[in-house]
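Encoded as structure tokens, the structure appears first; notes follow it.
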């Protein structure tokens, strides 16, 4: 199995001693390793606010670095935990964005002539719109578990570390949320496509 | 409604594909990330030096506030567009001159030859980016552009190892104030200012160009990561390509955002000539696009600038009219904002490409 930076496979060496000397070098490395995926995750959740939230996340990480225990989790899950707390202040923004995505004028029509690949993509994007509507109805904690897993690529252990909850809780929540979305979003799809 | 009770659940795969597609096309603004990094390290160094942190600190702030104001406007515009869903009555279409320039660039591009990357060879992409840093001391603002050289070696087979070398060259251009004034005010040499501290430098190697853990090997490609496979899946018809662009950019943020996404792809230096030509033609559909300068000089290379207004700034791409080559892009202030006068170049990026025989080796000449 090939390894490359940032993936789950790299977790083993993602436990730096952040309370050590030369913090600027340590945090420079930490930033280079995690800032882009973190920015992408935050941007997918709250759009342009991500630009500020990335900086805030790393600044808080620096200020609270003595509280990071490499024995308890990876730096990545710790950073996503901080970011998750910051996201809580922007729930309304996130919900507004999801509603807009749910309503967005899609490209579903007139795409047949570009072949199956495009049709597949259009299916995925119209499904994404339905999903956006369904995500609005989740509570924040459920949304965190789902999106930390799906968008940030954290495994159940890392999600548990990030949110400070038992890993069993993460797994059962994830299962429940996914069941609910599969039913709810497809339900909406069914209703909407009734006139076809 | 009761007849609808026979409901089909989404499969796990369908849910995953919906999750993958939702908000998938977000872009990371590299200058913002670089400024954020520099501000972080400046804060850390300040603390290390035992300097008491003052509430208004941080070199990022001034630009940050300015950018935040821009972001607010963007959000409001997005809301307005959502409310009226489809119909626009607003901005003028691209000017005839802009359309002519892009059409001509597209024709020349199609006739050009992309130097092929043979087995064992690399496409070399050099990006000279001049990004802005700002700070203020006791009400006196400073702003300067710092040159960042990013060199990328892309193997013939993208799943082989790529290399990225980043270097803050130390070259700077002062926009507000001078280095001497900054030193006299006691800000130079600290807080990641005109010195090179805080800017990312070094070498990274990774397959698929995934230097920063963004899972690019699994990524289907995007305007920000224009893989060959992604390019092959784009429509060739300009109208269809424009619609595709519109569909890929999150919730109707206006044509300036479409322009920015197209520029992301062009800036990569990896877009095939036929796709490049199609993008040029698609851009003729951008509302408000115009030729903004006939002889725009981008770090010594001159081309024709085409731009579109984006709130308090204008985004330009610069194309060589002779060859159709994409030379680079820039952002120019269109209003007096904070301390910046209208017409100030806020950042610019020049891109060159070549084919080289080995990783890490720069082209001769």
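The values are calculated or read from the model by the stated rules, or taken from the named source; none is laboratory data. Fair warning: this is a prediction, and the values are worked out from it, not measured in the lab. As a convention, Cβ positions derive from the backbone with ideal geometry for all residues, glycine included, and neighbour counts pool all protein chains shown.
One line per residue, one yes/no per condition, for (1) within 23 Å of the chain's Cα centre (by Cα); (2) surrounded by fewer than 17 Cβ atoms within 10 Å (Cβ to Cβ):
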position: B:118; (1), (2): no, yes
position: B:121; (1), (2): no, no
position: B:144; (1), (2): yes, no
position: B:149; (1), (2): yes, yes
position: B:152; (1), (2): yes, no
position: B:157; (1), (2): no, yes
position: B:162; (1), (2): yes, no
position: B:177; (1), (2): no, no
Review point. Looking at residue B:125, is it more than 27 Å from residue B:29 (Cα to Cα) and modelled with pLDDT of 90 or more?
Key: no
Point to revise | Residue list for the stretch B:226-243, filter: within 18 Å of residue B:270 (Cβ to Cβ) and either in contact (Cβ under 8 Å) with a residue 60 or more places away in the chain or crowded, with 20+ Cβ neighbours inside 10 Å (or both) | key: B:226, B:227, B:228, B:234, B:241
Review point. Does the stretch A:13-37 hold any residues that are buried (at least 20 other Cβ atoms within 10 Å of the Cβ), touching a residue at least 60 places away in the same chain (Cβ under 8 Å) and more than 7 Å from chain B (Cβ to nearest Cβ), and which are they?
Key: A:14
Revision key, fill the gap. Scanning the stretch A:76-114 residue by residue, the ones that are modelled with pLDDT under 90 and either within 8 Å of chain B (Cβ to nearest Cβ) or assigned to a loop (DSSP other than H, G, I, E, B) (or both) total 12
Check your understanding: Taking the condition within 21 Å of residue B:349 (Cβ to Cβ) and outside any strand (DSSP E or B), does residue B:127 pass?
Key -> no
Check your understanding: Is it the case that some residue within the stretch B:342-353 is assigned to a loop (DSSP other than H, G, I, E, B) and in contact (Cβ under 8 Å) with a residue 12 or more places away in the chain?
Key -> yes
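Could you check the stretch B:257-279 and list, in sequence order, the residues that are within 14 Å of another protein chain (Cβ to nearest Cβ) and in contact with a helix residue (DSSP H, G or I) (Cβ under 9 Å, 6 or more places away or on another chain)?
Matches in the stretch B:257-279: B:257, B:258, B:261, B:278.
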**Study point:** Residue match in the stretch B:279-297 (condition: crowded, with 22+ Cβ neighbours inside 10 Å and part of a strand (DSSP E or B))
**Key:** yes
Point to revise | Test set (1) in a helix (DSSP H, G or I); (2) surrounded by fewer than 20 Cβ atoms within 10 Å (Cβ to Cβ); (3) modelled with pLDDT of 75 or more - residue B:25 fails condition number | key: (1)
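With at pLDDT 95 or above and touching a helix residue (DSSP H, G or I) at 6+ places or on another chain (Cβ under 6 Å) as the only criterion, which of B:350, B:305, B:358, B:282 stands out?
Numbers: B:350 fails: touching a helix residue (DSSP H, G or I) at 6+ places or on another chain (Cβ under 6 Å); B:305 fails: touching a helix residue (DSSP H, G or I) at 6+ places or on another chain (Cβ under 6 Å); B:358 fails: touching a helix residue (DSSP H, G or I) at 6+ places or on another chain (Cβ under 6 Å).
Answer to the selection: B:282.
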